[in-house]
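One structure below.
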Amino acid sequence: MSETNSRRNQNAGKSAGQPRPDEETRDTSPAPPAAATRDHVRAEHAEEPDSGPRRAKPPEQKTSGGSAPPATEAVESDDALEAEQDRKIQVSEEVNNPERILRLIAQYKREHGIPVDPDAESPRSGATRQGAVRGDDRTLDLVFRGQRILTTAGIVPREIGIRDGKIVAVEPLGAGLTGTEEVVVADDEILIPGLVDTHVHINEPGRTAWEGFASATRAAAAGGVTTVLDMPLNSIPATVNRPALEYKRLYARDQVFVDVGFWGGAIPGNGPALRELHDDGVFGFKCFLLHSGVDEFPHLEADELEADLAELKTFDSMMIVHAEDSRAIDRAPQGIGDEYQSFLRSRPRGAENLAIAEVIERTRWTGARSHILHLSSSDALPMIAGAKRDGLDLTVETCPHYLTLIAEEIPDGGTAFKCCPPIREVSNRELLWQGLLDGTIDFIVSDHSPSTLDLKDLEHGNFGVAWGGVSSLQLGLSLIWTEARRRQIPLEQVVEWMSAKPAKRAGLRSKGKLSLGYDADVAIFAPDEAFVVDAGKLHHKNPITPYQGKTLSGKVRRTYVRGTQVDFQQPHGQLIRRGEV
Ligand SMILES: [Zn+2]
């Protein structure tokens, strides 16, 4: 048993490089239900930065010293991995138990005076959706006019007319559209479609100290992002069944400043819940091929992935995959201490390449739709390009940190830079840009995955125990624009990568373009305005970012969601469902 325990600790600290949320798991254990609920509410309202789970213990050293282990040890290691997986599945079954979540929902509704009908709309969003009754339906609510409006025809002089949150007129500048409110886009500004960030970890409920609906969507709006899709894990419970989705929506309602939709999660044993979640409006399903970093979201083995892909194909949903291979990470040297190179060696490209190959082949065999999340290893580009040539319905995203940062410049102890898969060498970064330009990589999203400062182990800078995740939701556009303009890549291309393309893949038919019939989600962007990143001034809940002190060009000055300017006081965002937007 001690061997198993030792390996469990090792895996827990290392496989995702992320802490085990023992504390959280205890807080949300099913018995007694009343205590669990109380703890939830407490976690919910806790604003102290240290109210998250306790920092994980440092992982134990591998006895084999990091070189390739002999075969017998590999077998033991596989056994240990299986035992570890069994334990996580048990944790998941307790934490994500639908009956337990239904009790939490009932409790939440009682405490907040919400009708018990699960489909009851929030009064505010219902009123917003219906709009006011209009006497003259020629009146526009809002008109934007300016020399530089980014439409489907490029950056051109235009007037944009908006009524009831939709774009209803796109005319040449000078057409003289009139509206209740008129906004002149200044000569140093460009009106762009709001960005669509399909990869955000909001972490509420359950780990609201890490982020939360209000703080995340304020940050999004400040960065010109008008739609976010929330990931199914790091919140507690994880979004792996219908009650969990309803519970998350309860928390989100009335506190979102931009539109928010949800991904479901695919974990071992929740196959029957996938269709229910799909019918309830999730945009697709996320799975991991290795330890996710939180016990209540266990990963899928390749055969389970294939079974779920086949299931998703029956209702045309999509699987989005964290592609690093569990066993390849387990065999890699262990990343401990404050040396970045040591951490990098612990998350080799091979682990990504192997997992991506697996996703490609299982996608081929099932004919399903899949998507590779946060591509870091440029080695995988040729096989992804090959899969696309073969006609597989496969897309790929990468993130600002892989496109703007390089391993060579990450300081030892710089755990703000820790993410999984990791930021790699400069040559890798250059190939990722090439992959974007030649279309092998489809789009750019943040993978905003914050935690408390405590979990980043700032005191010791130990990459082995620090939480793996980079905060950048508010900065994405400026980061990519700063780097893109250096490479003579036009803003139209950047916005396509960050708005139209992710919107299209997620099935958000009314997002991502300034065009007739689309939602009036826009940002006013000043491409030449420079600023210095100050983590303390961002809307992110925890003031830590690897971009601290960087000078960026391009600033979002104002953001509108469905024709209403975001004022950061009154939330006007909506909770969105697949098929409805
Ligand atoms: Zn993520």
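The values are calculated or read from the model by the stated rules, or taken from the named source; none is laboratory data. Since this is a predicted model, take the numbers as computed values, not measurements. Here the Cβ is made from the backbone with ideal geometry for all residues, glycine too, and neighbour counts use every protein chain on show.
Tabulated results
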{"read-out": "Which listed residue, of 300, 290, is touching a strand residue (DSSP E or B) at 6+ places or on another chain (Cβ under 6 Å) and assigned to a loop (DSSP other than H, G, I, E, B)", "value": "300"}
{"read-out": "Single residue of 471, 427 found to be out of contact with any helix residue (DSSP H, G or I) (no Cβ under 6 Å at 6 or more places or on another chain), small (Gly, Ala, Ser) and more than 16 Å from the ligand (Cβ to nearest atom)", "value": "427"}
{"read-out": "Exclusive hit being assigned by TED's automatic domain parsing to the domain that holds residue 489, outside any loop (DSSP other than H, G, I, E, B) and more than 19 Å from residue 329 (Cβ to Cβ), set 439, 461, 391, 435", "value": "435"}
{"read-out": "Residue list for region 276-299, filter: free of Cβ contacts under 8 Å to residues at least 60 places away in the same chain and crowded, with 24+ Cβ neighbours inside 10 Å", "value": "277, 285, 287, 288"}
{"read-out": "Every pair of residues 6+ apart whose Cβ atoms lie under 6 Å, when the first sits in region 373-388 and is on the phi < 0 side of the Ramachandran plot and in the same structural domain as residue 423 (by TED's automatic domain parsing) while the second is assigned to a loop (DSSP other than H, G, I, E, B) and within 16 Å of the ligand (Cβ to nearest atom)", "value": "376/421"}
{"read-out": "All positions within region 363-397 that are surrounded by 22 or more Cβ atoms within 10 Å (Cβ to Cβ) and basic (Lys, Arg)", "value": "none"}
{"read-out": "Evaluation of residue 393 against (1) in contact with a strand residue (DSSP E or B) (Cβ under 8 Å, 6 or more places away or on another chain); (2) of a type outside the set (Gly, Ala, Ser); (3) within 16 Å of the ligand (Cβ to nearest atom) (one fails), failing number", "value": "(3)"}
{"read-out": "Candidate set: region 159-197, residues that are of a type in the set (A, V, I, L, M, F, W, C), touching an Asp or Glu at 6+ places or on another chain (Cβ under 9 Å) and part of a loop (DSSP other than H, G, I, E, B); chosen: the one surrounded by the most Cβ atoms within 10 Å (Cβ to Cβ)", "value": "177"}
{"read-out": "Subset tally (residues that are buried (at least 21 other Cβ atoms within 10 Å of the Cβ) and within 20 Å of residue 212 (Cβ to Cβ)) for region 254-275", "value": "9"}
{"read-out": "Qualifying residue in region 329-341 (condition: in the same structural domain as residue 557 (by TED's automatic domain parsing), among the aromatic types (Phe, Trp, Tyr) and out of contact with any strand residue (DSSP E or B) (no Cβ under 6 Å at 6 or more places or on another chain))", "value": "yes"}
{"read-out": "Of all residues in region 338-374 being over 18 Å from residue 304 (Cβ atoms) and part of a loop (DSSP other than H, G, I, E, B), the one that is nearest to the ligand (Cβ to nearest atom)", "value": "374"}
{"read-out": "Among (1) away from the ligand (no atom under 16 Å from the Cβ); (2) within 30 Å of residue 276 (Cα to Cα); (3) in a helix (DSSP H, G or I) - the single one residue 385 does not satisfy", "value": "(2)"}
{"read-out": "Checklist (1) more than 30 Å from residue 461 (Cα to Cα); (2) assigned to a helix (DSSP H, G or I) applied to residue 403, failing item", "value": "(1)"}
{"read-out": "Hits in region 212-223 (condition: within 16 Å of the ligand (Cβ to nearest atom) and over 12 Å from the mean Cα position of the chain (by Cα))", "value": "219"}
{"read-out": "Residue in region 434-465 that is farthest from residue 530 (Cα to Cα), counting only those that are among the small types (Gly, Ala, Ser) and away from the ligand (no atom under 16 Å from the Cβ)", "value": "464"}
{"read-out": "Test set (1) in contact with a helix residue (DSSP H, G or I) (Cβ under 6 Å, 6 or more places away or on another chain); (2) among the aliphatic types (A, V, I, L, M); (3) within 16 Å of the ligand (Cβ to nearest atom) - residue 250 fails condition number", "value": "(3)"}
{"read-out": "Pairs where the first residue, in region 84-99, is outside the structural domain of residue 294 (by TED's automatic domain parsing) and more than 16 Å from residue 326 (Cα to Cα) and the second is of a type in the set (Val, Ile, Thr) and part of a helix (DSSP H, G or I), C-beta under 8 Å, 6+ apart", "value": "91/25; 94/25; 95/25"}
{"read-out": "Scope region 477-496; condition surrounded by fewer than 24 Cβ atoms within 10 Å (Cβ to Cβ), part of a helix (DSSP H, G or I) and not β-branched (Val, Ile, Thr); matching residues", "value": "481, 483, 484, 485, 486, 491, 492, 493, 496"}
{"read-out": "Only one of 208, 226 that is more than 16 Å from the ligand (Cβ to nearest atom), under 26 Å from the mean Cα position of the chain (by Cα), over 15 Å from residue 259 (Cβ atoms) and not aromatic (Phe, Trp, Tyr)", "value": "208"}
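Results for (1) assigned by TED's automatic domain parsing to the domain that holds residue 247; (2) at pLDDT 50 or above; (3) out of contact with any strand residue (DSSP E or B) (no Cβ under 6 Å at 6 or more places or on another chain); (4) assigned to a loop (DSSP other than H, G, I, E, B), shown as yes or no for each residue.
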site	(1), (2), (3), (4)
108	no, yes, yes, no
124	no, no, yes, no
129	no, no, yes, no
132	no, no, yes, yes
148	no, yes, no, no
157	no, yes, no, no
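For (1) crowded, with 24+ Cβ neighbours inside 10 Å; (2) assigned by TED's automatic domain parsing to the domain that holds residue 556; (3) out of contact with any Leu (no Cβ under 6 Å at 6 or more places or on another chain); (4) not in a loop (DSSP other than H, G, I, E, B), each residue gets a yes or a no:
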position: 199; (1), (2), (3), (4): yes, yes, yes, yes
position: 204; (1), (2), (3), (4): yes, yes, yes, no
position: 209; (1), (2), (3), (4): yes, yes, yes, no
position: 219; (1), (2), (3), (4): yes, yes, no, yes
position: 228; (1), (2), (3), (4): yes, yes, yes, yes
position: 232; (1), (2), (3), (4): yes, yes, yes, no
